[in-house]
Amino acid sequence: MTKFELRQEYLKKRQSLMLEDVAHANDQIAANLWNLLTDKEINTLHTFLPQRNATEVNTWKIISIVRECFPKVQIAVPYIIPGTKEMQHYILKHDTPLIENRWRIPEPDPVQAQWITADELDAVLIPLLAFDMNGFRVGYGGGYYDRFLSQCRPNALKIGLSFFSSANKISDLDEYDVPMNVCITPDIIYNF
């Protein structure tokens with residue numbers, strides 16, 4: 001299937017999820033991520049923040065678990081530079097001021113937050129709608145994460161988070177698509 005076809009199909013699948021199914025899936029994804037992180041050497045973990053009123057993986061739950069179980073791990077989050085397809089990254093502390101952008105995604109206030117470069121990140125949690133058995137993902141179509149992931153160190157762990165199992169293959173990949181190392185679902189941790 002093409003990215004467009006997968007995007008349409010998985011948006012519908014997400015919208016059809018019941019609230020209790022989403023809550024259970026979030027718990028399972030967080031537990032699976034905890035299992036993955038226990039044997040990794042990670043100092044800085046980058047995560048997306050979920051869009052308000054959208055059915056996305058609840059990374060706030062993950063942030064709480066990381067802060068509690070891995071207190072030495074520094075958490076970073078993205079900020080979309082207005083008018084561009086580029087992101088900057090900032091440390092997320094308990095008191096970091098957040099401002100909702102036009103897509104209703106909370107972002108750190110770049111004036112008050114501590115900036116960090118992409119090459120300082122050890123692992124990145126990646127939003128997605130669908131992914132395939134080769135570790136390639138279908139996002140929302142803006143290309144933000146492919147640009148960002150290409151700026152990360154080659155050994156940075158790229159971790160997708162998905163409510164659903166993998167599709168077989170994305171038929172229209174291009175040279176800008178960056179594969180993930182791992183994708184965590186409620187039932188399975190896929191390694192690529």
Might you check whether a residue that is surrounded by 13 or more Cβ atoms within 10 Å (Cβ to Cβ) and farther than 19 Å from L149 by Cα occurs anywhere in the stretch 72-82?
-> yes
Can you tell me which residue within the stretch 104-121, out of those that are assigned to a loop (DSSP other than H, G, I, E, B) and either surrounded by 20 or more Cβ atoms within 10 Å (Cβ to Cβ) or among the hydrophobic types (A, V, I, L, M, F, W, C) (or both), is farthest from the chain's Cα centre (by Cα)?
-> V111
Identify the single condition in (1) over 16 Å from the mean Cα position of the chain (by Cα); (2) modelled with pLDDT under 95; (3) closer than 29 Å to I189 by Cβ; (4) not β-branched (V, I, T) that M133 does not satisfy, given that it satisfies every other one.
-> (2)
Selected residue (only one of V138, V178, V124 is of a type in the set (V, I, T) and surrounded by fewer than 20 Cβ atoms within 10 Å (Cβ to Cβ)) = V178
Tally, over the stretch 28-51, of residues that are part of a loop (DSSP other than H, G, I, E, B) and either of a type in the set (D, E) or more than 15 Å from the chain's Cα centre (by Cα) (or both) | 6
Residue set A76, A54, A23; condition among the small types (G, A, S), part of a helix (DSSP H, G or I) and at negative phi; output residue A23
Filter result (part of a loop (DSSP other than H, G, I, E, B), among the charged types (D, E, K, R) and within 24 Å of S16 (Cβ to Cβ)) within the stretch 124-180 | K169
Residue pairs within 7 Å by beta carbon, gap of at least six or interchain, first lying in the stretch 58-70 and within 16 Å of I184 (Cα to Cα), second in a helix (DSSP H, G or I), listed first then second, are N58/N26; K61/N26; K61/A30; I62/A30; I62/L33; I65/A30; I65/W34
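The values are calculated or read from the model by the stated rules, or taken from the named source; none is laboratory data. For clarity, every value in this text was computed on a predicted model and none was experimentally measured. Cβ: placed from backbone, ideal geometry, glycine included. Neighbour counts: every protein chain shown.
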